[in-house]
Structures are given as C-alpha cells and as structure tokens.
Ligand code: ADP
C-alpha cells in the first residue's frame, strides 16, 4: 500500500469534509479528535482520541502519518516545532501558522509586508484604548474594535467599544488585546488560495461573505458587481501573502472592501474555511480536495467555478432539533439543492451544516439557499 496517510489534528466539520475529499483519491486519514462524537470522528475509521495540547499525544499520533495538517489553528507552536525536528512534515508549518494563531503577530507581519490593514496597535488597558481612539484622529476615534489576539472565533473575542469604560471586558481574559479602527466597509470579501510546498498556487474567485451577529451567514461566489481590477488585486494580495508566509494548503484572506475602492485585510485562516464551502459544488476542484493535494505536494486542481453563481448558506441550530424531517420539503422544493450536514447536535446558533445552490440567476440562487437554510433551521415553515 503506497497511498499516503494524512494526519488531521482536530475533529470538526472541516476535518470531516477534508476527509470526504480524500476518499475518491484513496488517501488514508488518521484523526486526532477531542471526543468520539466530534464531527469528523464519526466518519473517519482511524481515530485517536486525545488532547492536541499534549506533546506525547501528538508524537504518538504522528507516528504512521506521512503529513500532519489541521482542522484548527490551536496546536502550540513549540509542539509543532518539536514534531518538525522529529522529521514529520507539518503543513502548514509552525512558522506560517503563528500568523493565523495570533492576530498581533499577523498584523505585525502584514505591516512589514506593506499589506493594507485597518489601523491598529496592541493596547495595554482601557485608558490606553482611549489614547488609541484619540490617535486615530480625523474620522477615527470611538467606536473602536478590540480583539483578544488569541482564542477568538466566529466573532467571539471581538468587541465594539464606545468608551474606555466599555473597554474593560476584553482585558479580563489575560491575553494581549489588539485595538483596531472600526472600518466603515461596504462589504466583506474573501480571497482564497491554495499553495503547495513546491510553490504552485491557485486562486479561487473572490467571494462576498455576509455575516449575521459576527457569524458567517451567506457566501456569494463570485462577489457580485466586484470591479475586476479590485478582484485581481485581492487575488494577487492573497497569493503574495501565501508566498511570503510560506503557507501550505488552503489560505483564506478575509477582506473589507471600502467605499473608496480599497481592500483591507481583516483576518487570515490557514485551513479550509467557511468562505470556501461553496467550492464543494460550485468549483471544478473544491477547497478540501485542493487542501489534500497541497499537503501531499500533488499538482493542484482547477479552481474555476462550474456555474455562473454559487451561493452557500450556513445552517445554524434553531429551536427545532430534528432537521432530518425538513429534508423531505427541501429536496422536493429544489432538486438541485446540495445539503452538507456535519453530524453535530443541534444547539441554538451552532453551525451544524450548510447548503449550496447554483445557477444563472443570482436572485433565484440566493432565494433557494436562504430558503433551505431557514427551513432546516426552522425559521421558515413553508
Ligand atoms: P473572528 O476571528 O472571531 O472571526 P474577526 O477578526 O474575523 O474575528 O472579526 C469578526 C467580525 O467582526 C468581522 O467579520 C467583521 O464583521 C467585524 N470586524 C472585525 N474587525 C473589524 C474592524 N476593524 N472594523 C469593522 N469591523 C470589524
């Protein structure tokens, strides 16, 4: 058996869908998961249950893997460096991953590369936040955005504060706090690329990502009415960041588009990303398939879209725990609908799946995605 074994750290839905993409290629997966109930642990046959923060667990897991990759960015850098010194291929590598683990490290690096970002600096306490707001001058000042540099996701770890009094909460976590100007963006975009160790890279079409309460709700591919020049700049920027940071695998560059035609980098993610889920049904090669190819240093697949428009809508948990009974109506209403469920318990607000729709008429494609996601959640009843 010469087919390689990909070791995946983390048992969430990204691991589950990456595993799914490896199946037709005959790629073996080995999973390190917190619990047997995790999304990917339910479907991968070779599962180790253990703590990714424990070096001995990681070392034992890495034995028998040809390469290690990740469902999340939380494995301690020093552990990854130790594994690398043991001769294990870590993709993306620990140096690259630091920029996705720590927003302070990411901002400092992007500044050094001259990449446009929201104005920002690390702040020491609520009074320092007030000084930062004053420094912004002009159209700046309060409100400002505060972020803990580590540990945030889906908007947890992000605060909009209007005064130094409101700025106390973020400092309670005992983690450095990054202050940013509150960007008056017209919309959020994502420029997603995949890069392999030998330097090949592919860029997906730039997408629009619509957040509700800090959580991604809908992604439209490609971003409607996006100036082609700006789209090209966003793709080039993502390719350049991928190269400079020596990212291997999927890199999502979350962007703000401003009214005056600028693009500012909000965030980097070095793994398959919610803004790329549309590619499962809407691109010739999905982000998951290309991530697998990249970490194995295989030639990358074509990232071009299969349809004029593809829309992804996340399915969040609602008050309606039985989503399966909604399949009858959703599938009957829209035979082209693609449903991707993660096997997770339904809890209010939790991402439990997503749907993809595609076609030529954007309004129709959006309506079908929103309807299916809402019906599965239980907020739409007919
Ligand atoms: P997370 O890591 O939790 O996803 P992000 O840094 O991506 O956090 O921020 C979550 C959301 O908060 C963004 O998608 C955006 O809507 C908003 N946000 C973050 N930073 C800024 C900013 N500087 N200006 C305006 N809005 C912001």
From Cα pairs below 8 angstrom and at least 6 apart in sequence, can you work out the relative contact order of the stretch 103-157, rounded to a whole percent?
27 percent
Using Cα springs under 10 Å in a Gaussian network model of the chain, which residue among 156, 109, 182 shows the largest mean-square fluctuation?
156
Quick check on the chain: what does the Kirkwood estimate of hydrodynamic radius come out to from the alpha carbon pairs, in Å?
21.5 Å
Please build a GNM for the chain, connecting alpha carbons under 10 Å apart, and tell me which residue among 51, 319, 71 fluctuates the most.
319
Contact order relative to length for the chain, counting C-alpha pairs under 8 Å separated by 6 or more residues, stands in percent at 13 percent
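To the nearest µm²/s, what D does Stokes-Einstein give for the stretch 8-86 at 4 °C and 1.567 mPa s, using the Kirkwood radius over alpha carbon pairs as Rh? All intermediate terms of the calculation are to be shown ahead of the outcome.
On the way: Rh = 12.5 Å.
Once the numbers are plugged in, D ends up at 103 µm²/s.
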Extension gain from residue 77 to residue 322, taking 0.36 nm per residue of separation minus the Cα-Cα distance:
84.2 nm
What three numbers, in Å, describe the spread of the alpha carbons of the stretch 240-292 along their principal axes, ordered from the longest?
36, 26, 15
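So what is Rg over Rh here for the stretch 60-210, counting just Cα atoms and using Kirkwood for Rh? Don't skip to the end; give the middle numbers.
Values: Rg = 18.3 Å, Rh = 17.7 Å.
In the stretch 60-210, Rg relative to Rh is 1.03.
When the Kirkwood hydrodynamic radius is evaluated over all pairs of different C-alpha atoms of the stretch 283-382, what value in angstrom, to one decimal, is obtained?
Values: mean 1/r = 0.0683 Å⁻¹.
Roughly 14.6 Å, rounded to one decimal.
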From the mean inverse distance of alpha carbon pairs (Kirkwood) and the Cα radius of gyration, derive Rg over Rh for the stretch 174-241.
1.05
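Relative contact order for the stretch 1-137 using alpha-carbon pairs under 8 Å, separation at least 6, rounded to a whole percent?
Values: 192 pairs, mean separation 26.5, N = 137.
This gives 19 percent for the stretch 1-137.
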Would you look at the GNM of the chain, springs on alpha carbons closer than 10 Å, and say which of 60, 130, 179 moves the most?
60
How far is the Cα center of the stretch 265-335 from the Cα center of the stretch 169-226, in Å?
16 Å
Using 1/(1 + (r/R0)^6) with R0 = 56 angstrom and r between the beta carbons of residue 233 and residue 333, what's the FRET efficiency to the nearest 0.05?
0.90
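No lab work stands behind these numbers, since they all come straight from the coordinates. Everything quoted here is computed from the prediction, not taken from an experiment. As a convention, Cβ positions derive from the backbone with ideal geometry for all residues, glycine included, and neighbour counts pool all protein chains shown.
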